[in-house]
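As structure tokens, the structure follows; a few thoughts come after it.
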Amino acid sequence: MFRSIFEVFRYRVLIQTLVLRELKSRYRGSFLGFLWSFLNPLFLMVVYTLVFSVYMRNPMEGYPAFLFCGLLPWLWFSTSIIHGAASIRDGGHLIKKVVFPAEILPVVAVLSNMINFLLSLPILFLFLLIFKIPISLSILLFPILLVIQFILTTGLTFFLSALNVHLKDIEQILNNLLMLAFFLTPILYPVTFIPEKYRDFFLILNPLFPLVTSYQDILFNGRLPNVIGLSYLVFISILVFFIGYSVFNKFRDTFAEEV
Amino acid sequence: MVAIQIDKVSKKFRKYTNKEISTIKDLFVRGIFRKDTFETEIFWALRDISFAIPNGKMVGIIGSNGSGKSTLLKLLAGIMGPTTGNIRINGRISALIELGAGFHPELSGRENIFINGIILGLSKKEIQDRFNNIVKFAGLEDFIDSPVKTYSSGMYMRLGFAIAINVDPDILLIDEILAVGDEEFQHKCLNKINEFKRRGKTLVFVSHDLGSVERLCDEVIWLANGVLKASGLPRMVIDKYTDYVASFEEERAFENHQRALDELRKDSPNRWGTKEVEITGVKLTDGNKKEKYLFEYGEPIKIVLNYKANKRIEDPVFGIGIFRDDGVCVYGTNTAIDGFSIDAIEGIGNAVFSIEKANLVEGSYLLDVAVHKRDGLPYDYQSRLYSFIIRSKVKDIGIYRPDHSWSMISDEV
């Protein structure tokens with residue numbers, strides 16, 4: 001298994017090329033091009049702010065900035081899952097016709113969306129600035145959260161992409177599950193909105209919970225994230241990664257025949 | 001040195017039937033706990049294949065569709081693993097199984113050359129060094145910065161081939177792609193292949209074009225239904241293969257005839273007449289009275305019409321017409337035209353039309369048979385129900401081959 005992970009590293013030029021291809025082709029031909037990586041989340045933010053801050057009169061200060069802290073990582077996660085789950089199926093022309101390390105495809109899906117996420121960060125900082133949210137030293141933990149999220153998401157996409165080759169429903173089910181996860185994770189609302197007695201329960205059930213609240217803590221609240229939550233997240237992420245990769249390996253030989 | 005060594009290689013596939021489980025609904029409808037839910041039909045695409053290809057040889061793989069050629073190539077390329085058996089490859093291998101696999105339509109030819117090159121295992125620097133060669137080889141100097149989606153299919157294929165051939169492997173696998181591009185490009189490809197051979201590289205080449213296989217290859221492997229039928233010198237293997245295909249054709253011709261006879265029993269729209277006399281069957285035989293429907297050029301053909309006269313018929317006329325499969329009439333005649341008079345018929349009997357020599361070019365031919373009154377009123381007319389095939393080693397064209405010869409004479413005629 002570790003040798004295979006090393007393989008992925010050996011193929012870094014290929015990964016790099018495919019990520020670039022993905023990013024270039026995403027906005028190529030559209031008029032606003034790369035600006036869309038700002039405009040899409042901006043638009044979502046406007047809608048949610050209108051609903052939660054204006055209509056529902058949530059008194060929270062700097063709600064748009066808070067929203068971005070959870071929304072942007074969430075968008076990275078959800079688009080990676082959607083693209084990643086379909087990646088082996090969509091990459092059939094490569095897997096069937098060229099000698100090609102299959103695990104590269106889900107990794108490329110996660111990485112290209114990660115770069116999109118990084119590119120959209122300026123807008124987050126702009127809003128932190130607008131709402132005068134001070135930036136604290138805890139922001140130094142950001143790269144660590146990035147790595148954790150990468151491991152968690154990649155592990156999940158390994159699992160889902162392999163399964164999706166055999167069970168086409170995965171893509172449909174995912175759309176619904178992601179919607180559920182989106183509302184159950186404190187992205188649109190602060191964690192304090194959840195009654196205290198359920199909080200731990202949801203935290204254990206949903207690894208995105210500690211992930212998103214950690215982002216909010218270091219960016220918006222200017223404090224260190226909850227250590228227990230974060231440790232649990234690290235543990236789950238690594239577990240998911242290894243399970244995902246083992247499942248992927250188990251199905252690997254069937255890809256060229258099934259896609 | 002052996003470039004490719006494969007030992008007792010077999011490959012098993014799942015058969016795609018509608019019994020497949022591919023959605024969760026299927027899973028539940030069929031029941032997760034029933035044992036046969038997960039059982040699928042399998043078939044063997046390759047069975048117990050062993051051969052070795054020495055360095056620097058060009059080997060052709062032939063066989064009809066579905067014989068396992070492409071599967072074998074994919075196994076050699078490492079795209080799939082064999083179910084059982086061993087494959088040993090010595091050297092860098094590159095497979096041209098699909099040209100332009102991984103091209104992105106929105107990106108330019110230039111960008112795609114880099115992406116495709118890296119997918120095929122080149123480094124950035126190697127691609128840079130070969131970039132101009134690739135573009136020139138594909139003949140796309142003017143379009144290299146346009147998105148690939150604007151390319152014609154020929155341009156697309158040319159670019160794919162140009163990249164793949166410039167990967168410069170020790171072993172090159174080619175799947176039926178020499179038919180790419182126009183005459184000029186094909187020449188370029190052949191030159192490149194010859195250059196490959198000169199430089200002592202190993203080539204494995206799957207093709208249906210037996211002519212080019214014979215011309216290019218040092219050795220040929222023939223697969224049929226996943227089994228290695230023969231391997232060795234091109235001429236020998238190709239001859240065996242064509243004989244085998246011919247025997248199939250012969251069988252098919254026989255089957256066609258059986259179907260025609262079945263049709264006759266039903267109410268076929270291709271049959272009309274008063275049925276006072278019926279043609280109950282048609283049989284084609286060769287000079288030795290052997291029934292057959294596939295003839296070599298120049299063989300004698302006898303067309304036997306079995307008739308049954310339901311009452312005594314005076315002065316009947318039997319006729320036949322031979323048509324090419326595109327409907328062109330090759331020849332038509334009847335007993336009246338030929339001045340062969342029949343007083344009367346009653347009960348069953350046979351009318352036989354003998355052709356001494358089938359001077360027809362290769363192809364399939366259709367038959368009209370009829371029996372009618374002298375004034376033309378048909379008793380039984382059967383149009384294009386029967387067919388036969390003419391096979392010829394000479395690939396001349398047209399319909400009719402007159403007996404002929406060529407000579408050179410110096411005097412003016």
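The values are calculated or read from the model by the stated rules, or taken from the named source; none is laboratory data. The structure presented is a predicted model; accordingly, all values stated were derived computationally and were not measured. Please note: Cβ atoms are built from the backbone with ideal geometry, for glycine as well, and neighbour counts cover all protein chains shown. What goes into the accessible areas is simple: the full protein's heavy atoms, side chains included, and nothing from ligands, DNA or RNA. Shrake-Rupley method; radii C 1.70, N 1.55, O 1.52, S 1.80 Å.
Under the convention that each Lys and Arg Cβ holds +1 and each Asp and Glu Cβ holds -1, the size of the dipole of the range A:178-259 around its Cα centre is about 240 debye.
How high is the FRET efficiency between A:LEU129 and B:LYS149 when r is their beta carbon distance and R₀ equals 41 Å, given to the nearest 0.05? Walk me through the numbers on the way to the answer.
Details: r = 41 Å, r/R0 = 1.01.
About 0.50, to the nearest 0.05.
For B:GLU346 and B:ASP286, a Förster radius of 35 Å and the Cβ-Cβ distance give a FRET efficiency of 0.70, rounded to the nearest 0.05. Peptide A:158-167 has a mean shielding of 1, counted as Cβ atoms of other protein chains within 10 Å of each residue's Cβ. Mean sequence separation of contacting Cα pairs (under 8 Å, at least six apart), scaled by the length of the range A:1-130, corresponds to a relative contact order of 33 percent.
Using a probe of 1.4 angstrom and keeping all protein chains present, the accessible surface of the range A:2-258 works out to 49 square angstrom per residue. Association of chains B and A removes close to 2500 square angstrom of accessible area from solvent, both sides included, for a probe radius of 1.4 Å. Placing +1 on the Cβ of each Lys and Arg and -1 on the Cβ of each Asp and Glu in the range A:2-258, which of A:PRO190, A:LEU180, A:PHE255 has its Cα farthest towards the positive end of the resulting dipole? Among A:PRO190, A:LEU180, A:PHE255, the one farthest towards the positive end of the dipole of the range A:2-258 is A:PHE255.
What the phi angles of the range B:394-411 give under the Karplus curve with 6.51, -1.76 and 1.60, with θ = phi - 60°, is a coupling list of 8, 9, 7, 10, x, 10, 10, 10, x, 5, 8, 8, 10, 8, 10, 10, 7, 5 Hz, glycine and proline written as x.
Compared with the dominant Cα axis of chain B, that is its longest principal axis, helix B:234-265 is turned about 40°. Of the accessible area of the protein assembly as shown, computed with a 1.4 Å probe over protein heavy atoms only, carbon and sulfur atoms account for 59 percent. Seen against the Cα atoms of chain B and their longest principal axis, helix B:109-119 is set at about 80 degrees.
Simple point charges give the picture: +1 on the Cβ of Lys and Arg, -1 on the Cβ of Asp and Glu, and for the protein assembly as shown a dipole about the Cα centre of about 2400 debye.
Of the cross-linked pairs B:LYS188/B:LYS229; B:LYS136/B:LYS393; A:LYS250/B:LYS11; A:LYS24/B:LYS69; A:LYS250/B:LYS229; A:LYS168/B:LYS149, which ones have a Cα-Cα span greater than 30 Å in the structure shown?
Working: B:LYS188/B:LYS229 33 Å; B:LYS136/B:LYS393 41 Å; A:LYS250/B:LYS11 18 Å; A:LYS24/B:LYS69 37 Å; A:LYS250/B:LYS229 35 Å; A:LYS168/B:LYS149 28 Å.
Result: B:LYS188/B:LYS229; B:LYS136/B:LYS393; A:LYS24/B:LYS69; A:LYS250/B:LYS229 exceed 30 Å.
Comparing B:LYS266, B:LYS197, B:LYS69 in a Gaussian network model of chain B (Cα springs below 10 Å), the most mobile by mean-square fluctuation is B:LYS266. Annotated for the range B:268-391: lysine pairs at least 8 residues apart or interchain, Cα distance under 22 Å, count 18.
Put the Cα centre of the range A:172-223 next to the Cα centre of the range A:40-99 and the gap is 14 Å.
Tell me, what is the FRET efficiency for B:GLU255 and B:ASP325 to the nearest 0.05, using R0 = 25 angstrom and their Cβ-Cβ distance as r? Kindly include the intermediate steps, with their values, before the conclusion.
On the way: r = 17 Å, r/R0 = 0.66.
Calculated value: 0.90.
Remark: mean inter-chain Cβ contacts per residue of A:18-28 equal 4, using a 10 Å Cβ-Cβ cutoff to other protein chain atoms.
With both labels modelled 7 Å from their Cα along Cα-to-Cβ, the A:ILE238 to B:GLU126 distance reads 3.7 nm.
Return the calculated 222 nm mean residue ellipticity for the protein assembly as shown, to the nearest 500 deg cm²/dmol, obtained by summing -39500 (n - 2.57) across DSSP H runs with n ≥ 4 and dividing by the residue count.
Working: 20 runs with 300 residues, N = 672.
Calculated from helices alone, the mean residue ellipticity at 222 nm is -14500 deg cm²/dmol.
Average partner chain C-beta neighbours within 10 Å, per residue of B:101-107? Walk me through the intermediate numbers first.
Numbers: counts 9, 9, 2, 6, 2, 7, 5.
That works out to 6 on average.
Could you state the accessible area per residue of chain B in Å², with a 1.4 Å probe and every protein chain left in place? Can you show the working numbers first?
Values: 21500 Å² over 413 residues.
Here the residues of chain B average 52 Å² of exposed surface.
Each part gets one Cα centre, and for the range B:55-129 versus the range A:118-148 those centres are 45 Å apart.
Projecting the Cα atoms of A:CYS69, A:LEU14, A:LEU111 onto the charge dipole of the range A:1-114 (Cβ charges, centred on the Cα centre) puts A:LEU14 farthest toward the positive pole. The order of the peptides A:246-254, A:152-160 by mean Cβ neighbours within 10 Å, most packed first, is A:152-160, A:246-254. For chain A, the longest principal axis of the C-alpha atoms and the axis of helix A:142-166 are separated by about 50°.
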